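Undergrad: Quick one: this structure, given as C-alpha cells, is what I'll be asking you about.
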Amino acid sequence: MKKKLTLKQRLLVATMVILTVPATIATVNQTPVIDESKLYPITNVVDGDTAKVNIDGNIYTLRIIGLNTPETVDPRTGIECYGKEASNRAKELLTNQSVKLEIDLTQTIRDKYNRLLVYVKLPNGDNFSEVMIKEGYAFEYTYSKPYKYQLQFRKAQEQAKNDQIGLWNKNTCNGELKLLNK
C-alpha cells in the first residue's frame, strides 16, 4: 500500500517542480555564451549545413553560415541532386569531432527556425563552410546581408565551378539544385 505524502511534503514537491520548469524552458530558447577558443562536441550531423552541438551540457542546433547544401531531410523539398553526397561529406568531417564555433556580428545570432548561426572551425583549423564549398558539396549562400567570409567563400565556389567539382560537374548536377527521382 502506498504511503500518502504529508501536506508539507506535497508543498515541497510542488515548489521543486515550479522552480525547475522555468529553468528547463530557459535552456531551450536561451542563447548560449560561445567561447571562440573552446572546443565543442558535435552530437549529430543533420545534413550538409546543419548540425547539433553540445554547449555547456545543452544541445543546440547550428545553421552554419555561408553555405547551402542540397536538401536531404526537408520534407517540403525532397532529396536534391548531390544532397546525399553533401550530407555524407559533412558527416565525415564532423561526426565524433569537437569543433570551434565562431559568431559573426554582421549576422543575427539565430535564424527564423531558432538555430544558432555560426561558423564551424574543424579540428585542423579549416573553416567547414569553405571546405564544403571548395570541394563542390555546397553553394556559397548569403541570406540577407554580407558576412565576414563572403568573398573568400565566393572565390572557393568560383574555383569549384571552374574545375567542375562535385555538384558543379556536368555529369552530376551541373550546378543546379534539382530534385532526384524518388
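Undergrad: Could you tell me whether the range 9-21 includes any residue that is at negative phi, among the hydrophobic types (A, V, I, L, M, F, W, C) and at pLDDT 60 or above?
TA: Among the residues of the range 9-21, not one is at negative phi, among the hydrophobic types (A, V, I, L, M, F, W, C) and at pLDDT 60 or above, which makes the answer no.
Undergrad: Let me ask another. Only one residue in Asn127, Asn114 is in contact with a strand residue (DSSP E or B) (Cβ under 8 Å, 6 or more places away or on another chain), modelled with pLDDT of 95 or more and either basic (Lys, Arg) or closer than 26 Å to Cys173 by Cα (or both), so which one is that? Before the answer, list the steps.
TA: Numbers: Asn114 fails: either basic (Lys, Arg) or closer than 26 Å to Cys173 by Cα (or both).
Exactly one residue qualifies, and that residue is Asn127.
Undergrad: Additional query: Could you grab me the full set of residues in the range 145-182 that are assigned to a helix (DSSP H, G or I) and either under 19 Å from Arg89 (Cα atoms) or touching a helix residue (DSSP H, G or I) at 6+ places or on another chain (Cβ under 6 Å) (or both)? Break it down stepwise before answering.
TA: Taking the range 145-182 as the starting set, the residues that turn out to be assigned to a helix (DSSP H, G or I) are 150-162, 166-168.
Residues satisfying the conditions are Phe153, Ala156, Gln157, Gln159, Ala160, Lys161, Gly166, Leu167, Trp168.
Undergrad: Looking at Met1 and the list (1) in a loop (DSSP other than H, G, I, E, B); (2) surrounded by 12 or more Cβ atoms within 10 Å (Cβ to Cβ); (3) modelled with pLDDT under 60, which single condition is not satisfied?
TA: Only one criterion in (1) in a loop (DSSP other than H, G, I, E, B); (2) surrounded by 12 or more Cβ atoms within 10 Å (Cβ to Cβ); (3) modelled with pLDDT under 60 is unmet by Met1, namely (2).
Undergrad: Consider Ile34 carefully, then state whether it is out of contact with any Cys (no Cβ under 8 Å at 6 or more places or on another chain), at pLDDT 95 or above and in a loop (DSSP other than H, G, I, E, B).
TA: Working: out of contact with any Cys (no Cβ under 8 Å at 6 or more places or on another chain): yes; at pLDDT 95 or above: yes; in a loop (DSSP other than H, G, I, E, B): yes.
When the stated conditions are applied, Ile34 passes them.
Undergrad: Being more than 27 Å from Arg154 (Cβ to Cβ) and under 11 Å from the mean Cα position of the chain (by Cα) is the filter here, so list the residues in the range 44-86 that pass it. Working first, answer last.
TA: Kept after step one, since they are more than 27 Å from Arg154 (Cβ to Cβ), are these residues of the range 44-86: 44, 52, 54-60, 75-76, 78.
Asn44, Lys52, Tyr60, listed by residue number.
Undergrad: Would you be able to tell me the number of residues in the range 141-182 that are buried (at least 18 other Cβ atoms within 10 Å of the Cβ), over 19 Å from Ile79 (Cβ atoms) and hydroxyl-bearing (Ser, Thr, Tyr)?
TA: The qualifying residues number 2.
Per-residue answers, yes or no, for (1) touching a Phe, Trp or Tyr at 6+ places or on another chain (Cβ under 8 Å); (2) without any contact (Cβ under 8 Å) to a residue 60 or more places away in the chain:
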| position | (1), (2) |
| --- | --- |
| Gly78 | no, no |
| Ser98 | yes, yes |
| Thr106 | yes, yes |
| Glu135 | no, yes |
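Undergrad: Also, I was wondering about something else. Does the range 82-93 contain any residue that is surrounded by fewer than 19 Cβ atoms within 10 Å (Cβ to Cβ) and either of a type in the set (A, V, I, L, M, F, W, C) or farther than 17 Å from Val46 by Cβ (or both)? Outline the logic, then answer.
TA: Keep residues of the range 82-93 that are surrounded by fewer than 19 Cβ atoms within 10 Å (Cβ to Cβ), which gives 84, 88, 91-92.
Okay, now just the ones that are also either of a type in the set (A, V, I, L, M, F, W, C) or farther than 17 Å from Val46 by Cβ (or both), so none.
No, because not a single residue in the range 82-93 is surrounded by fewer than 19 Cβ atoms within 10 Å (Cβ to Cβ) and either of a type in the set (A, V, I, L, M, F, W, C) or farther than 17 Å from Val46 by Cβ (or both).
The values are calculated or read from the model by the stated rules, or taken from the named source; none is laboratory data. Computed from a predicted structure; not experimentally measured. Cβ sites come from the backbone with ideal geometry, for glycine too, and all protein chains shown count toward neighbours.
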